[in-house]
Amino acid sequence: MQAKVDPAPAGRESIVMTEEATQADAADPQTPEDAAAAVEALRQESQDNWNKYLRTAAELENLRKRSAREVENAHRFAVERFAAAILPVRDSMEAALTVGDTADAAALLEGQQAILRLLDEALVSAGIQEIDPQGEPFDPSRHEAMSMQPSAEAEPNSVLQVVQKGYELNERIVRPARVIVARAPDDASES
């Protein structure tokens with residue numbers, strides 16, 4: 001039996017039984033059969049917990065393997081949708097090459113415009129957006145300045161001319177737009 005010693009105010013000690021000690025005494029087996037049953041119950045609980053642990057560990061390992069497979073497939077087939085969108089463009093270009101000299105200039109121009117539309121649709125479906133900053137303020141994070149030219153019409157440090165359009169994929173720059181940037185006109189009096 002467990003007891004707790006409480007000092008009494010007058011220096012005398014009294015023995016008080018705690019609730020935990022009382023419960024522990026009630027759970028103590030009185031006979032060897034009770035002890036064997038308690039051991040068997042604990043052994044069964046231990047076995048159940050071990051089985052739960054093994055199942056959880058196996059599920060975690062399966063999840064890890066499945067995730068690794070999915071990541072590998074995502075890397076291997078990441079451009080599959082883009083490839084499906086770009087193949088009609090290739091087919092159209094191939095068909096245009098087979099026409100050769102038999103088509104007139106207007107038909108060739110119309111075919112090239114159709115191919116360009118197909119290509120633009122393929123790029124948009126892949127999340128690729130065009131950057132055409134004509135007239136916008138120069139942004140070094142999105143534009144590459146090829147040169148600067150004096151301009152009386154355009155604001156200084158704005159894009160005067162786009163040499164080559166840029167592209168971004170999901171707001172990440174794939175290729176910056178190459179531009180000519182406007183600067184204030186030269187004063188003839190400063191010479």
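Computed values, structure above
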quantity	calculated
Shape category assigned to the stretch 130-191 from the gyration tensor of Cα positions, a/c cut at 1.5	prolate
Relative contact order, percent, the stretch 130-191 [alpha-carbon distance under 8 Å, six or more residues apart]	41 percent
Rel. contact order, % - alpha carbon contacts under 8 angstrom, at least six apart, the stretch 25-163	19 percent
Cα shape, the stretch 59-191, gyration tensor, a/c 1.5 rule	oblate
The stretch 130-191, dipole about Cα centre (Lys/Arg Cβ +1, Asp/Glu Cβ -1), debye to the nearest 20	340 debye
Filtered GluC sites (Glu not before Pro), the stretch 82-191: DSSP coil and at most 14 other beta carbons within 10 Å	GLU153, GLU171
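Rule-based calculations on the coordinates, nothing more; no lab input. From a predicted model like this one, the values you see are computed outputs, not experimental measurements. Methodologically, a virtual Cβ is constructed for each residue, glycine included, from the backbone with ideal geometry; neighbour enumeration extends over all protein chains shown.
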